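Worksheet: one structure, shown below.
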Amino acid sequence: MRTSLTLLLLLLSCGQPPPVRTVDASKSTAVASKLVAVADLSDSISITVTLLAADGAPMPNQPLAVTVSGTGNQLELNGRADVTTATSDERGQVVLNARSTVAEQKTVTFSSGDATLEAKPSITFVPGPLHGLVFRQQPTTVRAGQVMMPPVRIGAQDGRGNAIVTSDVTVSVRLVRSVAGVLTGGGARPFADGGVVFDMLSITPPQTGYVLRAETSGGGALESVAFDVTP
């Protein structure tokens with residue numbers, strides 16, 4: 001009797017389908033090759049995603065969708081550009097290459113079916129080399145001999161328009177389009193905390209249509225809007 005029952009149980013178990021394996025959100029991994037890259041579309045960050053089941057076995061032929069926070073992103077999945085979905089290979093892997101034109105911190109999120117992976121790499125894109133200057137605060141009308149307020153502020157940006165926070169250049173300002181104008185307080189100042197502030201500028205004599213020219217020690221230059229100095 002006991003033997004017959006054992007055989008019956010074996011027959012019933014053989015007729016049952018194997019359990020369905022799914023991607024496990026906590027077991028699956030996402031490993032970045034590095035965490036920082038330049039926001040110039042040349043430098044990139046590679047992230048290898050490995051989809052795993054609950055028992056740690058790789059999950060091939062599984063769909064994977066990718067989202068990256070922020071803007072200016074350019075994605076490549078398994079060698080295909082400008083796509084946000086891919087299918088895992090025989091090892092359960094998908095390789096993402098991320099580039100961007102916008103300098104900022106970004107979070108990368110991966111999902112496969114109903115599973116959103118717990119691994120969400122945080123990557124950072126930083127500005128490239130200094131490309132040009134920008135007046136954060138243009139000069140305004142001021143009385144002759146008085147300190148200009150608000151002070152002139154000059155920043156810098158890379159070739160993609162990202163603001164540069166630190167640089168080893170110095171910045172100075174001088175008058176152009178002036179007959180006999182005298183500027184004080186425009187000597188070279190180091191670039192720090194995102195720019196240079198000229199908080200002691202004064203100009204004589206009175207004249208309409210003065211223009212400031214900002215120049216860097218690296219050869220960059222930019223002219224301001226025209227402004228007046230009154231009596």
*Out of all the residues in region 72-94, which are under 18 Å from residue 32 (Cα atoms) and crowded, with 17+ Cβ neighbours inside 10 Å?*
73, 75, 76, 77, 86, 88, 92, 93, 94
*asked:* Take residues that are free of Cβ contacts under 8 Å to residues at least 24 places away in the same chain and in contact with a helix residue (DSSP H, G or I) (Cβ under 9 Å, 6 or more places away or on another chain) and tell me which of the strands (runs of 3 or more DSSP E) falling wholly in region 29-74 contain 2 or more.
replied: none
*From the list 117, 77, 130, which one is in contact (Cβ under 8 Å) with a residue 24 or more places away in the chain and under 29 Å from residue 162 (Cα atoms)?*
130
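Give me the residue from region 191-217 that is part of a loop (DSSP other than H, G, I, E, B) and of a type outside the set (D, E, K, R) and, out of that set, nearest to residue 143 (Cα to Cα).
Taking the candidates together, the pick is 206.
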*Restricted to region 208-231, and to residues that are farther than 18 Å from residue 197 by Cα and of a type in the set (A, V, I, L, M), which residue is surrounded by the most Cβ atoms within 10 Å (Cβ to Cβ)?*
229
*Can you give me the ranges of the strands (runs of 3 or more DSSP E) entirely in region 78-190 with at least 2 residues that are farther than 30 Å from residue 206 by Cβ, at pLDDT 95 or above and among the hydrophobic types (A, V, I, L, M, F, W, C)?*
93-100, 104-112, 122-126
_Breaking point among (1) more than 28 Å from residue 158 (Cα to Cα); (2) surrounded by 16 or more Cβ atoms within 10 Å (Cβ to Cβ), for residue 48_ = (2)
*Tally, over region 158-197, of residues that are acidic (Asp, Glu) and buried (at least 16 other Cβ atoms within 10 Å of the Cβ)*: 1
*residue 22 versus (1) modelled with pLDDT of 95 or more; (2) in a loop (DSSP other than H, G, I, E, B); (3) out of contact with any Ser or Thr (no Cβ under 6 Å at 6 or more places or on another chain): which is the lone unmet condition?*
(1)
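The values are calculated or read from the model by the stated rules, or taken from the named source; none is laboratory data. Keep in mind the model is a prediction, meaning the values are calculated, not measured. Methodologically, a virtual Cβ is constructed for each residue, glycine included, from the backbone with ideal geometry; neighbour enumeration extends over all protein chains shown.
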